Amino acid sequence: MYMAAFPPELTRLIALAMLACAAVARAAEPATIDIDAGALHVDTTANRLLLKPVQIRQGAMSIRADEAWVSGVEINFSNTEWRFSGAVHITFDGGELDASEATAKFLGNRLQTAHATGGPATFSHTGADNDRLSRGRASTIEYNVPQGRIRLAGDVWFSDGRGEVATSAPLTYSLAGRLVDGERVQIRIIEDAVPEAPRSTPP
């Protein structure tokens, strides 16, 4: 059997590439999902599974609600759509989302999207720098996990602590860059409070 001899530089590059591939493979491994539920109901007639109340945790992400159900008779997050209702509270890296109802799509045991509705649904986000709080509310809020984006639609209000935005059109907020994208907006700038100059005491 013939074995090719590679130059030392190329050998090191191949080794680094193999290490990088191994790291990517480890990162792609499904993370552990923990579930706390007060009760479990399996309805074979309706072919669905119900948990109430429930909290689902995976790393920095958690979903808490009065009840959750999924089609099928077993707990599965490989390629499923879970429906949550009643005091839905979703936490993610640096943020929180509250709603009356929500639909969460999982793929490969990881959360992909969360579509929340409420009267209104609300979210808050501080980010890694933790220097200011961004907040928003709307009739529907959709969190796209792979894109790191929050989309608000219906009677939208948003504030980054320095200004407020109100719009009837959808508004998108990027978690990483804290970028806001929207149309037909009304903006209010919040000025910093300026202390009054001290008054001199009359002689």
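Here are a few things to note about the model shown:
- Segment D34..R57, full-extension length gain: 7.8 nm, with 0.36 nm per residue of separation and the alpha-carbon distance subtracted.
- Summarising the amide proton neighbourhood of G154: residues at separation of 5 or more, or on other chains, whose placed amide H is nearer than 5 Å comprise S139.
- Sequentially through region 106-120, phi angles give Karplus couplings (6.51, -1.76, 1.60; θ = phi - 60°) of 10, 9, x, 6, 9, 5, 9, 9, 10, 10, 10, 10, x, x, x Hz, Gly and Pro residues having no value and appearing as x.
- Applying both filters, DSSP loop and at most 12 other Cβ atoms within 10 Å, to the GluC sites (Glu not before Pro) of region 49-113 gives E74.
- Label sites at E74 and N109, each approximated as a point 7 angstrom past Cα along Cα to Cβ, lie 1.4 nm apart.
- For region 133-168, the set of trypsin sites (Lys or Arg not before Pro) satisfying both a DSSP loop assignment and a count of at most 13 other C-beta atoms within 10 Å is given as R162.
- Note on A169 and D43: the extension gain reaches 41.3 nm, defined as 0.36 nm multiplied by sequence separation minus the Cα-Cα distance.
FYI, it's all coordinate maths here, none of it is from the lab. Here the structure is a predicted model, which means the values were calculated and not measured. Cβ coordinates were reconstructed from backbone atoms using ideal geometry, including for glycine residues, and neighbour counts include every protein chain displayed.
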